[in-house]
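**Student:** Starting off with a structure, shown below.
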Amino acid sequence: MKDPREEMKNRAAELRAKGSPIQESFDELHLSPEAVEKFDGYCADEISDEEYFKLLPSIDFFQKYGLNPVRTYNSFARTSDAIQWLMQRRGDSLPLKFMNLLFAIGGETIAALFQTGGYQLYQLSNFCETIGMTPAQRTAMWAAGYQDSFVGGGRIYQRLDAWKKPAEQIYHAMTLCKGYRGTYKALLAALFLLRVHTCKKEPVEDKENKIAEAVRILEQSFEHEFSEEIFKGSLSHEIDKCIQYAKNRKGFEASGGLLAKMKEAVGSLFRQEGAQLPLAAEIKRLRGERYDHTAYRIACVMACSGMFYSGELAAAFEILGRIHRDDMFRAFTALYGVVPYEEYVRMDPEKFLLPGYLIYLVNMGSGYCGVQVKLFFQKASIDSPKDYGEVIRISNLETAAVLMENLTPEQRRSGKFPMRENDLLVKLWQDMVSGKNQPYEQQIMDYVEGRIGTDQILPILDQMDSFTFRQSRGPRAINMTYSLMGMTEELKRTLVLMTSQQNYMLGSTFFETAGEHITDRSKEYLKAVYGEIPMKRFFGIFSAGIQTCYWYSYNDGLKKAFLNLLYGYVKDASEKNMREFLDCIGSCLAEARAQMLSSLVKADQWNIQYVIDFMGDSSKTVKEAVVKLLGEKWAQTSCEPKVLEKLKSKKAAEREMAIRILGKWGADQYKDALNVQLAAEKSAKLQSLIRATLDPSASTEVDTGTGGTIEDYIANIVKGNKKASLAWIYQTPCCPVHKKDGSDAPEEWMNALMLSYSTMAKLGINQQAAQIAAMLNTAELEQFAEEVFDKWMAAGAESKKKWVLYFASIHGGIRIVNRLKQQIQEWPKAARGAIAAEAVWALSLNPTDSALLIVDSISRKFKFRQVKNAAADALVYAAKELGITTEQLSDKIVPDLGFDADCSQIFDYGERKFKVYLNPALELEVYDESDKKLKNLPAPGKRDDEEKANAAYAQFKLVKKEMKTVVTTQKLRLELALATDRRWTVPEWKALFVSKPVMHQFAIGLVWGMYDGNELKETFRYMEDGTFNTREQDEYDLEEAGENNNIGLIHPVELTEDELAEWKEQLDDYEITQPFNQLDRPIYEVTEEEKNALEMTRMSGRKINGLSLSGKLLKSGWYRGSVLDGGGYYDFYTESESLKIGADLEFEGLYVGDENEETTIKGVKFYRAGTVERGSYVYDEIKDANQYKLGDVPKKYFSEILYQVDLATKPKAD
């Protein structure tokens, strides 16, 4: 028997063989010959770790520039590669030995070997945990790697929970730090004190001494590393003395001396705006200077975490907070979150920093801890009205507006706050004339104070820069002033000025929404400026409002309210001055132009004549609106002459619109006019449109105006310089394509084939292209189409050449299907969702069933909603054309892959033949002519017929590839059918599961139910011999089913324990492996206590990593909820179209792009599908009227949702 140590030494020797990643790492680390030689003995435990580590060098894997760590991946690339290589090697102790070696060399700084970013460090941590590195080692590496996040505002208090690091572990990690840079050890000391303070009940051995040691490290690090870096050359000698004095104190007891003087001076910075104290002036100067942000923020973290245990750090907390408020409170909030007001006062008893903290909370924005912030403001305004009012007085408009908004009306009128309501408007006016608008200050003030009129200020506004107010706080000031004082003359004039805002802010000012309504005060604002300003400026407000109420809203009621409001003003304005109104339409956004034209016609049908003037509009949105309006039958009589004139227009856009409108009225009436135009038309795109208009069925007999043959069509479409648009394809040679008779296909044919698509008005099937393709060698054309696709991809896949997608899909055969599938998956990841959605439509036109099968799969489960919706729309369109439902279409397109009724097919090599079966496990089994089972289909041999054998072998490989796609898609379909309770009639079921060989195998492996309505009548299984078996193993006859009976998949929740056990036993007896987990899937039922509840809270309180949660749910077909302020989102949802029900999983929140954080699960709600608006900055939620009680949720759906949520939120096993 071999000696285990000797085996380990041999493996270690192999591991560091010459040229291996480990040996290259040793060279890079400059290990001594002795260290390399003894490595094998170290791995075999012949040499102790302590003895071996003495042979190793010391290296700081971070390079030091000031205090900013710089990743040194390039400097130690081979060592980093060695770690990556070891990540693939598990099962013995060698990876642990190597990582311990690196830790002995570089300690916590080995985190630098993982380039950058949370995910790489997350990988490293998982790897180190798997191989057995100690928690303290991992924590030390984590602290070094995440230093940037610590000081950049990451929520450290959440990171601690996410990594489950108790105080003892943090302290041990602190003692392991090599101290190449004091910041890592100091950060861990800070985190230790934070943990002790925030988790007071957590046991810590020798707690007082450990706290004292952590404080000592912080104070020492602060003194040696940070004081000099931060304050050197920046503050007066007096402040240096103050800081030194503070370091020697243990508290704030002193009634005099330098510390008291320092506190008084620092406190005066905000309390006495004009203070001339040297210290205050020095601090003001410092805040305007450049300084080391990283060093400063680390100092802030240390001061915040140590303030409860050190007078020095408590003093530093206040000093640093005065010098740079944002950095201090960024660290403060990262450590503690938004603390209650009472807790804050305990940290800052004399409220020195309260004004700065109020300003910081305002600047954080409402999306972050909004409820806690509001509560803090309320309590601060009651307890410290003087400080609160002073901040309002000295702050800018944005801050003042938010703080005023959080006061009650009684507080505003109490006189405790040194500010009048109209002062918000004064601040607003001051903001308007800041920056480049400074020269116009006097004119603006003259206007708002009534010394000049609106006609005099408008030319000045046209010269000024647009106003921009941060986070809608300018509009807030307007709203607050209106709510307190009504529509004053000053407010009315301010609203006129506000019409010069940038578009997105303009909508926020004049279109405040509340559910399905626009608020009354917004309507008052519009009324106040209507007639005061020119129509062009006024309807510019509605143009901006389109973005607020229409583009970004899924609320049909709000859209209706907006259009009704627009209609009223359009009607009035057009009646007063039609010419001025028409002139102002052109300056509005496209959607606004379209809606204004619709409102104009709605106001008076006679106004339809004015719509003709917009037939040449460049916007697709306006074009569609014009066609819809002019295409109405009632418009034909009055508009026909002018539309026929536009048919002969010199502008192609107007001719196109005329053709479409005539088609709406009835092309037969205008056949002569259209044919005349077809003969004269030079645009191939419009020729195609005219033909399609004259004959929607697109007859293969082409009327080109030159004889009607396909040759005439080819000659016409390639004439002139049209083929120049295809020059990019011929920059490199293309594969030859022949006619069906074997002769060369003329270049004009290939150009005509491609131009048929590139000139189409609406991309899709092209009948003329089909005629040309029918005359060409199919296999060669497929290769040519794939080459064109490749060249388009190599050139960047330009959207303006998206016709290539349709050309390649329609003529590329089966070979292009997987290429398109791959790109559909990749494009959305690169923010090219639109081209991916276009590719889905193109793929749906591929003539193979496999293509539609992929589209079907995408429509059911795809990470990117835009693409998923495109696939669903493509299937709906195809199903509608066939007169069936989308589910029936999905059944219809399941391919047989060449298998016959007994699930076999022959592959003919000429001399040899092989029979391939599809077994019940959906795997391929190959047999030769002697019925001997082979491992795989053999490659063609010399004695085989070369052409037959190669074709058969290629076909077999294709079947294997398609088989994988089909099986994956059908597993997904059937599992969704189980969850959504899909049913089939008996004939439909037999056509799909008995007649289709692939589905035949699914039918055998699953258990089915016969239902009468919603009542389960019988359960059965399809047998390999074609009969049906019940649970009791009696034969079952499907033909006895009633007319109202249908078949569905059984869910375990429908069976008793005995019935479930009997079915499992039967499947075991027949050695049947289910294609997916049907009978063994967990069952989740509503308890008696939960039946009347509106939320399922069984998983509430679970803590889960955000990357893990989003990855699992998105993979299961869920979607992120609305993304709100700061990129945060707080729910995932999924909806079933067939059941018309949705499920919403709420959690504490994650941030897009930074999901490697821990979050806490709240609960699951069920609601009517389609009743919740979602999107960027869409603040909608489930309404009570649309919410289901848990007892009303279908049993199968409830169980399946909880199954998915449980899997996604289950904590990782220890």
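**Student:** How would ILE382, ILE319 line up from fewest to most surrounding beta-carbon atoms within 10 angstrom? Don't skip to the end; give the middle numbers.
**Tutor:** Details: ILE382 14, ILE319 24.
Final ranking by Cβ density, sparse to dense: ILE382, ILE319.
**Student:** What is the gain in length, in nm to one decimal, between GLU624 and GLN88 on full extension, counting 0.36 nm per residue of separation less the C-alpha to C-alpha distance? Please list the in-between numbers first.
**Tutor:** Values: separation 536, 0.36 × 536 = 192.96 nm, distance 5.68 nm.
That pair, GLU624 and GLN88, stretches by 187.3 nm at full extension.
**Student:** Among LEU1049, LEU978, GLN905, which residue has its Cα positioned farthest towards the positive end of the charge dipole of segment 904-1069, with +1 placed on the Cβ of Lys and Arg, -1 on the Cβ of Asp and Glu, and the dipole taken about the Cα centre?
**Tutor:** Of the options given, the answer is GLN905.
**Student:** On full extension of the chain, what length is gained from LYS935 through GLN442, given 0.36 nm per residue of separation minus the C-alpha to C-alpha distance?
**Tutor:** Contour length minus the Cα-Cα distance gives 168.4 nm.
**Student:** Let me ask you something else. Tell me, what is the FRET efficiency for LYS1140 and LYS200 to the nearest 0.05, using R0 = 56 angstrom and their Cβ-Cβ distance as r?
**Tutor:** On the way: r = 50 Å, r/R0 = 0.90.
Computed FRET efficiency for LYS1140 and LYS200: 0.65.
**Student:** Could you rank the peptides 207-220, 901-914 by their average count of other C-beta atoms within 10 Å per residue, with the highest value first?
**Tutor:** Details: 207-220: 17.9, 901-914: 15.6.
Going from most to least packed, we get 207-220, 901-914.
**Student:** For a quick size check, give me the Cα extents of segment 426-614 along its three principal axes, largest first, whole Å.
**Tutor:** Sorted largest first, the three principal extents are 48, 35, 27 Å.
**Student:** Here is a further query. Let's test the formula: R0 of 45 Å, r as the Cβ-Cβ distance of GLU516 and ASP900. What FRET efficiency results, to the nearest 0.05?
**Tutor:** Working: r = 59 Å, r/R0 = 1.31.
Approximately 0.15, to the nearest 0.05.
**Student:** Let me ask something additional. Answer with one residue from ALA1169, TYR1129, GLY1106: the one whose Cα lies farthest towards the positive end of the charge dipole of segment 1093-1196, charges on Cβ with Lys, Arg +1 and Asp, Glu -1.
**Tutor:** Value computed over the given set: ALA1169.
**Student:** If you don't mind, another one. Separation between the LYS560 and ALA951 pseudo-spin-labels, each 7 Å from Cα along Cα→Cβ, expressed in nm?
**Tutor:** 6.3 nm
**Student:** Given R₀ = 35 Å, what would the calculated FRET efficiency be for GLU28 paired with ASP3, taking r from the Cβ atoms and rounding to 0.05?
**Tutor:** Working: r = 32 Å, r/R0 = 0.92.
E between GLU28 and ASP3, to the nearest 0.05, is 0.65.
**Student:** By the gyration tensor of its Cα atoms, with a ≥ b ≥ c the square roots of the eigenvalues, what is the shape of segment 904-1069: rounded for a/c under 1.5, prolate for a/b over b/c, or oblate?
**Tutor:** On the way: a/c = 2.73, a/b = 2.42, b/c = 1.13.
Judged from the Cα gyration tensor, segment 904-1069 comes out prolate (a/c at least 1.5, a/b above b/c).
**Student:** Assigning unit charges at the beta carbon (Lys, Arg +1; Asp, Glu -1) and nothing else, what dipole magnitude in debye, to the nearest 20, does segment 860-927 show about its Cα centre?
**Tutor:** Values: 10 positive and 11 negative charges, 110 e Å.
My answer is approximately 540 debye.
**Student:** How much length is gained on full extension from ASP572 to GLN888, taking 0.36 nm per residue of separation minus their Cα-Cα distance?
**Tutor:** 108.5 nm
**Student:** Sorted by mean Cβ packing within 10 Å, highest first, what order do the peptides 196-203, 165-172 take? Mind dumping the intermediate values first?
**Tutor:** Working: 196-203: 12.5, 165-172: 21.9.
Listed from highest to lowest mean packing, they are 165-172, 196-203.
**Student:** Rank these for me by crowding, HIS517, HIS1051, going from fewest to most other beta carbons within 10 Å. Write down the numbers at each step before the final one.
**Tutor:** On the way: HIS517 16, HIS1051 21.
The fewest-first ordering by Cβ neighbours comes to HIS517, HIS1051.
**Student:** With a 10 Å radius around each residue's Cβ, average the other Cβ atoms per peptide and rank 944-957, 1132-1145, highest first.
**Tutor:** On the way: 944-957: 15.6, 1132-1145: 19.6.
Order by mean packing, descending: 1132-1145, 944-957.
Each reported figure results from applying straightforward, stated rules to the coordinates on display, with no laboratory input. From a predicted model like this one, the values you see are computed outputs, not experimental measurements. Here Cβ is always computed from backbone atoms with ideal geometry, including for glycine, and neighbour counts include all displayed protein chains.
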